[in-house]
Amino acid sequence: MRSFRFMPFAIAAATAAVVSAASSGSALAAPQILALVATPAPVPLNCHDGVCRAELPAFCMQRSRPEPGNGVTYKLHDATSVAIVARRGDGSPVRLPLGTLGKAAEIYTARSYTAVAVTVAEASLRGLTDPAIEVAPETSLIPEAVAGDPDPLSEREIAYTTGPMRQLAGRVLDRNAADRDAATIVSRLVNALPDIGRISRTERDTLWQRVIDNDPSRWSRPGLEKGRENLDYCRYRNSFFSWRNCLTYKHDTLMMQLNTDYWNAAEPGS
């Protein structure tokens, strides 16, 4: 049975069907290999109750494989491609590849293939300040293998997907820089919001200034504009339970659009 993690109420219903299927006693075929979008700037980790967490934009690399659902555990194809960056007590910088933290770090799907959560035991970061997540270009995630998988990933399949196909995905993201940057911006806004509940008017009014650096060397101008448009959409919509709920919807829509562009580019003859 594949591993599942606790998630906020907003996605619990979607997860329930996946958990039910996993609990039925029949093994599930390996889900899709995922890709992470590189971070133009490290994503701050939010630490509560001994666990530090951040969400990252992701997309599906294999249309023919089953979707992972929520809460499915993954591992890095390259253990050094995601790292914790922080500062020691004396102010000097430190970089800890996530793969070196062992069981103190986990990656699992937050919302199917569009977003993953990275969690790190706060105790493993003792003595460090301002911890954040840094994702390198062309980072790939492999679902954790399970005993009895009727259709496991082969080494050849992994090599092809994380090699030539991951390079193609990178080119697709670069061609769609406005959507790519908007998705990473909206993801950072999501990370700054509580899992459950509303935020104050002051917090809403200052969210962009507190979270997003308008430096065009990090974000394309069209990406900044599109990210702000998505925030403004949530500012004036009343049909969502919370800003986080609205912004995750907008983020996932952007990632699905990028994923569709990648799938189209991957078609033979494209």
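If you wrap a convex hull around the C-alpha atoms of the stretch 178-266 and split its volume per residue, what is the figure in Å³?
Roughly 97 Å³ of hull volume per residue.
Evaluate Rg over Rh across the stretch 76-233, taking Cα atoms for both radii and Kirkwood's formula for Rh. Could you put the intermediate results ahead of the total?
On the way: Rg = 18.1 Å, Rh = 18.2 Å.
Using Cα coordinates only, the ratio equals 0.99.
Counting just the Cα atoms, what span does the stretch 9-153 cover along each of its three principal axes? Round to the nearest Å and put the largest first.
For the stretch 9-153, the Cα spread along each principal axis is 52, 31, 26 Å.
Suppose the chain between Thr119 and Gln257 were pulled fully straight at 0.36 nm per residue; how much longer would it get relative to their current alpha carbon spacing?
Fully extending the segment from Thr119 to Gln257 adds 47.0 nm.
Which whole number in µm²/s is D for the chain by Stokes-Einstein, with the Kirkwood Rh taken over Cα pairs at 20 °C and 1.002 mPa s?
D = 112 µm²/s.
If the chain between Glu67 and Glu267 were fully stretched, how many nm would it gain, using 0.36 nm times the residue separation less the Cα-Cα distance?
70.1 nm
List, in order, the whole-Hz ³J(HN,Hα) value for each residue of the stretch 106-119 obtained from phi through the Karplus relation with A = 6.51, B = -1.76, C = 1.60 and θ = phi - 60°; use x for Gly and Pro.
My calculation for the stretch 106-119 gives 9, 10, 8, 5, 8, 8, 6, 9, 8, 7, 10, 10, 10, 10 Hz in order.
If amide H atoms are built 1.01 Å from N in the plane of the peptide, which residues on other chains or at least 5 residues away come under 5 Å of the amide H of Val72?
Amide H to amide H, under 5 Å and 5 or more residues apart or across chains, Val72 pairs with Thr109.
With springs only between Cα atoms under 10 Å, which of Thr184, Thr129, Thr248 fluctuates most in a Gaussian network model of the chain?
Maximum among the listed residues: Thr129.
Which residue fluctuates most in the GNM of the chain (Cα springs below 10 Å): Tyr236, Tyr108, Tyr160?
Tyr236
Taking the chain as a whole, which cysteines find no other cysteine Cβ under 4.7 angstrom from their Cβ?
Cys60
Nearest 500 deg cm²/dmol is fine: what mean residue ellipticity at 222 nm does the chain get from its DSSP H runs of n ≥ 4 alone, each adding -39,500 (n - 2.57), divided by its residue count?
On the way: 7 runs with 100 residues, N = 270.
That calculation yields -12000 deg cm²/dmol at 222 nm.
Can you give the extra length, in nm with one decimal, that the chain gains between Asp205 and Thr100 once fully stretched, where that is 0.36 nm per residue apart less the Cα-Cα distance?
33.9 nm is the gain from fully extending Asp205 to Thr100.
Students often forget the sequence filter, so: which lysines lie under 20 Å Cα-Cα from Lys75 once same-chain residues fewer than 8 apart are removed?
Leaving aside lysines fewer than 8 places away in the same chain, those within reach of Lys75 are Lys103.
Where a number appears in this text, it was derived from the coordinates with a stated rule and is not lab data. Since the model is a prediction, treat every value here as computed from it, not as a measurement. So basically every Cβ, Gly included, is an ideal-geometry build from the backbone, and we count neighbours across all protein chains shown.
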